[in-house]
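To keep things clear, I will list the structure first and then write my remarks on it.
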Amino acid sequence: MNSEFPPKYLPEPTYLNRRPEKPRRQPLAPEVLARRGEIARVLGIKVDSLNRLLNGLTNEQRKAIFFKVTHDGPIDLAGTGLKPLVDRSENVTLVVPRNDDLSAFTAKLDRFANNEPTGPGYVTGQDFARIEDLERGDPKDRLSDELLADYDSIIKIKQPTFICEIEILSLAQGPKQRVNEIAEILQDLNNAFASGVHGTLFEHERSSGVCRAVIRCSGAMFKRLVEEDRWQRRIAWFEPKPKFETFHTTWHRFQFDKLDEIAPPPEDAPIICVVDSGVSPGNPFLKPVAKDDLIVSFLKSAPDSPYDEVGHGSGVASLAAYYVLNLAEGASNQATAWIASARILDDTNQIEESRLFSRVLEDVVKHFAPLGVRIFNLSVADLAKKWNQDSKRTQSRTSWTARTIDRLSREYDVVFVVATGNISPPVILDSLKAGNDYPVYLCDEDSRILDPGQAALAVSVGSVSSGTLVAHSPDTTLALQYEPSPFTRSGPGIKRETKPELVEIGGNLVSDVERTSVRANLATNVVMASHQLSPAAAHNYGTSFAAPRIANKLAAILQDLQLMGIEPIRAPLLKAFLVNSATYRGELDRVIESLDAVEKKKWLDVLGYGFPDASQATDCDDFSILLFHQGTIEPDKVAFFDIPIPASLSQSTGKKRITVTLAHFPEVQKWGLESYFGADLKWRMFRGNVDREAVVEAMSASSTDDDIESEASDIELPNEVPFEHKITRRSRGSIQHDWHEWSQHRDAYSDNHYTLAIASHKRWARAVEPIPFAVVIRIEDIGATVPIYTEIANAVDIMVQTRTRG
């Protein structure tokens, strides 16, 4: 940060109400009505069949039945008389009838067919048009793909040794009744296990009528839980325990005593909590940075053993503290962050069998956040769970663990940095042999981000290649420098937003000409600390080692903001400064062209917004300035910021750039089919020659979740600044980043201040809390021909004085 040119704080915006009304519905065309009638006819036949089925059952039998709705895209079942049992995917939902028949569904179906657009509980035409099938559910529909594939083998296990996670659901009406029903189900489950004879109930966690639990049981008991009527609606989901990547390393031997000073960070430097396999504070690189009183084990089996037994956590911690280790003779290594450690993985690099991953993370944050820890690095991912929105069957639409991370981020005002996970070399080799070349296979369904890398409020990190050097082998690297690492995984995230948001160096892989092997390459691996005293260094590759580099940069930004005297420094502000500094490096034409052929802008789901630059994140000079603001916005409000853009830029002979990053922490849905965010934010910017009333009119229009998915709102309004990614793409997530470059600045553009308008769109029918948000704007004359800092800073100071007097 340049103390002579500090970032400037934008004064409070002007807030106005959004106009909640929507345009009146227009009569539907005859061909649309005909198509609706055909959809209703086909669905009506299926509903009639299911009604006959329900009428032939006893009351007890009806309590055990559920249906499977197959649909092409998200649907809203409000008013249909169907209650979601489990949201299996974007395309399959298990439901139960609220009543003894499906008359409510039939009534809504009739309205759909006859174009009746009003009335309580109206189901939009788009929702019914997406329903492809409604049928009786099979008990095994509640199994994840992995468990379904192994089901016949699992039920043959004689001893109570099979471990999985289950989701228990209460369908009771009131909150107290749901609590009581879940307690009753847990007790019945425990009784069925007969004190360990048939199984064991381990850790469990409740939230809004849902309970997540870890169980161990015999194959016969597992079959009973899946197939017996009494458990059909009570246990809504079965899935395997999370599996995490093990750490394999090749030692890089060097003479540690020939290094120069290994220096600790400043005393007031931020603390990064590494949530991993523990750290080894005796390692020479970690000893200067590890906070001994913050090295904690969360293992129930080894609460007094917080130390790293496998090496993963120590490597991650060294990169979080130093960013890079320099092993050259005479080199010094200066840390920028302190390290706290939460050991959650055992000596096999796995979560304990009896623990819930989400519950462990909650314990970690509850312990460290009150101690002043603001940044949590999580470089572990569940190999069994790919975040694949295109899956037609069982992949959960949102993860319990990812939801927990999002909830904890908002509740404790912290930032989680998570890795996207790795594609294994054998899988990459199979893709190459099948003619699915790099980088196209990075966007395959099986290459999607691993849970919980899709957490919406976390910063997700992918990996890029450090270079192409190969030693002692004719093999060549799959990726060029700064291209996506061959093993990095792709997004999008929970709301189809850009994930990962950022990338960092994580290594490369090599292959031979005949494509008979894909393997690690020592010359491009990441150097890090080992978990031993000697040898003190190790090296490896993976997104696990890209993520802590981002955590390190986040800590550096936090330190700069502390030096500026900002109080408090909210998590959205940290994220906004971080992402606002991101740019792309290297020649990426090959990657962009290849992935654009798969889908427009698909490269964003691999490279995100690029590399952040901690040194530039808070840095200004004569030719650039950073403006920022943090606060809260009420649901269905619009915030209007005045952004001074000087007319003197018309004298600039080079390009000009505006970069805007909005970060917000909305409430997230704990469970169910409701929109994941309680409210969405959208922003647009308008030049100074547009009337403020026109801006108000444009930004006050209502929108729906469907508007975020379509490109209808991408139409630029008069005198709107045309940013790179348009409003639809950037508005999906909690981090919204975009930029605009232009060559000619007309004097009229600066007749008045530019306007940044941020609109809040409420998504839940229930009350929504104010949304914490932060915005960071960089304005720069790239050619450095017109000094703009002082002119813009003075204009901001005048605005502040005017607001103060007002």
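What follows is calculated from the coordinates using simple rules that are stated; it is not laboratory data. Note that the structure is predicted; figures quoted are calculated from it, not measured. Note: ideal-geometry Cβ built from the backbone for every residue, glycine included; neighbour counts use all protein chains shown.
Spin-label model, Asn17 to Asp751: label points 7 Å out along the Cα-to-beta-carbon direction sit 3.0 nm apart. For Leu53 and Leu469, a Förster radius of 41 Å and the Cβ-Cβ distance give a FRET efficiency of 0.05, rounded to the nearest 0.05. The calculated FRET efficiency for Asp101 paired with Asp444, based on their beta-carbon distance and R0 = 35 Å, is about 0.20. Exceedance of the 18 Å cut-off in Cα-Cα distance is limited, within the set Lys600/Lys656; Lys243/Lys287; Lys495/Lys553; Lys495/Lys726; Lys600/Lys726, to Lys600/Lys656; Lys243/Lys287; Lys495/Lys553. Between Lys655 and Ala784, the modelled label-to-label distance comes to 1.6 nm, taking each label 7 Å out from Cα in the direction of the beta carbon. With contributions of -39500 (n - 2.57) from each DSSP H run of at least four residues, the per-residue ellipticity at 222 nm computed over the chain stands at -7500 deg cm²/dmol. Computed 3J(HN,Hα) for the stretch 294-307, one whole-Hz value per residue from the Karplus formula 6.51 cos²θ - 1.76 cosθ + 1.60 where θ = phi - 60°, is 10, 9, 10, 9, 10, 7, 5, 7, 8, x, 9, 10, x, 8, glycine and proline marked x. With the convex hull constructed from alpha-carbon coordinates only, the stretch 141-240 shows a mean projected area of 5.8 nm² over all directions. Once you reduce the stretch 526-574 and the stretch 301-350 to the center of their Cα atoms, the two points are 11 Å from each other.
Among the GluC sites (Glu not before Pro) within the stretch 560-628, those in coil by DSSP and having at most 13 neighbouring Cβ atoms inside 10 Å are Glu587, Glu599. Taking a ≥ b ≥ c as the square roots of the eigenvalues of the alpha carbon gyration tensor, the stretch 313-362 is prolate, as a/c is not under 1.5 and a/b beats b/c. In terms of its C-alpha gyration tensor, the stretch 576-677 has an oblate overall shape, because the principal axis ratio a/c (a ≥ b ≥ c, square roots of the eigenvalues) is not below 1.5 and a/b does not outweigh b/c. Given their separation in residues at 0.36 nm each and the Cα-Cα distance between them, Ala331 and Asp138 gain 63.1 nm when the chain is fully extended. Label point of Ala64 set 7 angstrom out along Cα-Cβ; within the stretch 209-228, amide nitrogens under 19 Å from it belong to 220-228.
Relative to the Cα centre, the charge distribution of the stretch 715-806, modelled as +1 at Lys and Arg Cβ and -1 at Asp and Glu Cβ, gives a dipole magnitude of about 720 debye. The overall shape of the chain, judged from the alpha-carbon gyration tensor, is oblate: a/c is not under 1.5, and a/b is no greater than b/c. As a length-normalised measure over Cα pairs under 8 Å and 6 or more apart, the relative contact order of the chain settles at 14 percent. Within a straight-line Cα-Cα reach of under 14 Å, Lys68 can be paired with the following aspartates and glutamates, leaving aside sequence neighbours fewer than 8 residues apart in one chain: Asp87, Glu90, Glu132, Asp133, Glu135, Asp138, Asp141. Modelled spin labels at Leu371 and Lys156, positioned 7 Å past Cα toward Cβ, are 4.9 nm from each other. At full extension, Glu267 and Ala647 could sit 132.3 nm farther apart than now, given 0.36 nm per residue minus the alpha carbon distance.
Straight distance only, please: which lysines reach the Cα of Lys63 with their own Cα at less than 28 Å, same-chain residues fewer than 8 apart left out? The qualifying lysines are Lys46, Lys83, Lys108, Lys140, Lys176, Lys223, Lys392, Lys670.
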